[in-house]
Amino acid sequence: MSRFDVLTRGDVLDSALLARDYLVDCGVPGALAAKDPRLWGRRAVDHSRLGWLDLPSASRGLLAQVDGLVAEARYSGLDHVVLIGVGAESLAAQAIVEAHASAAAAPGAHGAPGRAPSGELTVLDGGDTAALAFALERLDRTLVVLASKSGVSLEGDAYRRIFADAFRRHGMSEREIAGRFLVITDHGSPLHDFARQCGYRIGLTDPYLPGHFGALSAYGLVPAVLAGADAEGLLDEAGALAPSLSGNDDNPGLLLGAILGGCAQQGPEGMARDKVVLREPGGPGALSAWISQLLSVGTGKRRRGVLAFEPPGSPAGCPDVHGVAINPRAAAHEDADTSLWAPLGAQFLLWEYATAVAGWLLGVNPFEAGSTVVQEAEDDAATMLRAAGAGPLPGGEPSFVDGGIEVHADVPGPSGAPGVGLLGAGALPAVLDGLLGTLPKDGYLAVTTYLSGDFSGRYLAPSLARRAGRPVVYGAGPGFPHATGPIHKDGPGNGSFLVITGEPAPGDALAAHPIPGRPYGLAKLQLARALAEVRALRQRGLPVVRLHLREPVSGFGRLTEAVRAVAGAQRTTR
């Protein structure tokens, strides 16, 4: 078995072989190797949008620059990196640091020679004040990295203000504070101008490089290197794979793209296998999350797309789902149709190439960032916050309250009665069942939690998937909808959505404390993000239920009980 392998079987193999032959006949591998943008139409894609293919070699010059910054940071005692980024900008760096930590913990592992001692990475994407509290406790050791291809997000602005104020209270001068910030952004972006005005360190990237194809660019590499990861080895891994991507034969990227794109075509029974459950040996990690956002943004367009999700949300027997095992320990994973083996650097390049190929098969431009769906929701949240000022947000009256959980529902119950008519204790399971009843035979449920702490949709996904018999995807907001929004809003349009918000946990002072220079705190910002997301989904005619936990700890327990009750009930035939 070679170092890079993709093996598949069954119906997936049949679809993949047909798709691969078609790709070869159309000259796609050769055109990609030549970075020919005409694959997607004469004017659809600029040549520079394919620059990610060169990153295994082009990013080596970046490492030489970063090494000096790492040495300076370590000399100053800065070994804790706070990465502020929502979506793709943070997921690749997280995956790199996770892999580095696993390798360092392996028996007999040794650090790479000549590398600075490892640091640590804390990612702040607006979803958890516990992570912020952890970072503020390490202020003496902290370097803040703000990463964005465009301007400063609402969360980026909030965290930047919080850290600048914390450094100031720590007795640092404005010049010293500026030295604690590093901005990674595109040349000429609004954030570039803002960072120059503030005197921050700046790392510039290619504005034509698609953000979701930037894992091996400064967005993925710089925060990880500052946290002690071995980026040189990562580029070696990607570079070793690169030659195989130029050929028609023994091209693992071509085969993986043919699997993804071929299965996503409508099958003989009228149902496309356009949903992929990703399996990693140690359980879902940042790599799976990165792959999910790459496929979402790269293929989620024009009512098409490939939806990736994790095993907790995977029901048995879905004809439109196929499994992909990433680096399985056995020769083939028993729960997966496809198994692939590659080290992390090669995984990045392999999945990027496969996404480009799958997009071509689906007839979509994989290098567009999607429509303005993500920015629309953020702009709406900002408008809400400005309009509310120091007052409450327009959350609306709940349909009813069950056990301290406010239910904002617009879906029918099992009997067809509107959710607003279900009143009193015990009504919550009926609304949840009604939401699951909106799923079409090829649909899925998305659970987004806007809560601080360990209140994750992964605890709800198995029961919901078992009851619905359909896939359940989940994640924390705003990072999850930011990363995967295109597949939900521009893709096939067959999702239903459960959005969970809540009051701050008792003793969570950071959630309620005003952001310096703003009339709101992080909890209000998080709720505005959730309300904007709900509004965006409803504007597209998608079924949504929002649950607001008046007391998050007991409320999440009550919600878990309700979900289990729904799962234990006899499934309604649809």
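Descriptive notes on the structure:
- Across every pair of non-identical alpha carbons in region 373-568, the mean reciprocal distance, once inverted, gives a Kirkwood radius of 16.9 Å.
- For the pair R303 and A330, a Förster radius of 30 Å applied to the C-beta separation gives a FRET efficiency near 0.20, rounded to the nearest 0.05.
- Kirkwood Rh, angstrom, region 525-567 [1 / mean 1/r, Cα pairs]: 12.0
- Centre-to-centre separation between the Cα atoms of region 1-27 and those of region 56-101: 35 Å.
- For region 266-391, the Cα-based Rg and Dmax, in that order, read 17.6, 59 Å.
- One Cα centroid belongs to region 202-222, the other to region 503-568; the line between them spans 32 Å.
- Across the options L209, W351, L439, the greatest Cα extent toward the positive end of the charge dipole of the chain (unit charges at beta carbon of Lys, Arg, Asp, Glu) belongs to L439.
- Distance in nm between pseudo-label sites at D140 and A388 (7 Å out along the Cβ direction from Cα): 3.8
- Dividing the Cα radius of gyration of region 435-486 by 2.2 N^0.38 Å, with N the residue count, gives 1.16.
- A protection proxy built from the mean count of other Cβ atoms within 10 Å ranks the segments 386-397, 44-55, 470-481, 336-347, most packed first, as 470-481, 336-347, 44-55, 386-397.
- Between Q265 and A133, the contour length at 0.36 nm per residue exceeds the Cα-Cα span by 42.9 nm.
- Point-charge dipole on Cβ atoms (K/R +1, D/E -1) for the chain, about Cα centre, debye to 20: 900
- Relative contact order of the chain, defined on C-alpha pairs under 8 angstrom at six or more residues apart (%): 17
- Label-point separation, S150 to Q197 (7 Å along Cα→Cβ), nm: 1.8
- Ranked list, fewest to most other Cβ atoms within 10 Å of each Cβ, for M271, M384, M172: M271, M172, M384
- For E120 and D165, the difference between the fully extended length at 0.36 nm per residue and the C-alpha to C-alpha distance is 14.0 nm.
- Fraction in percent of alpha-carbon pairs per bin - 10 Å, region 55-237: 9, 40, 38, 12, 1
- Protection proxy ranking, peptides 247-258, 213-224, average beta carbon neighbours within 10 Å, highest first: 213-224, 247-258
- Placing dummy labels 7 Å off each Cα toward the beta-carbon, the span from E397 to E551 is 2.5 nm.
- Calculated from the alpha-carbon coordinates, region 427-535 shows an Rg and a Dmax of 15.3, 49 Å respectively.
- Counting every other Cβ atom within 10 Å of each residue's Cβ, T205, T355 order from fewest to most as T205, T355.
- Normalised per residue, the volume of the convex hull around the Cα set of region 280-324 (Å³): 79
- The convex hull drawn around the Cα atoms of the chain, when projected onto a plane and averaged over every direction, covers 25.5 nm².
- Rg/Rg_ref, region 337-406, where Rg_ref = 2.2 N^0.38 Å and atoms are Cα: 1.95
- Note on the chain: lysine pairs with Cα distance below 30 Å, sequence gap of 8 or more or different chains, count 15.
- In plain terms, the residue of V276, V431 with the fewest other Cβ atoms within 10 Å comes first and the most crowded comes last, giving V276, V431.
- Using the average count of surrounding beta-carbon atoms within 10 Å as a protection proxy, the listed peptides 447-459, 21-33, 64-76 rank, highest first, as 447-459, 21-33, 64-76.
FYI, it's all coordinate maths here, none of it is from the lab. Since the model is a prediction, treat every value here as computed from it, not as a measurement. FYI the Cβ positions are ideal-geometry reconstructions off the backbone, even for glycines, and counts take in every protein chain you see.
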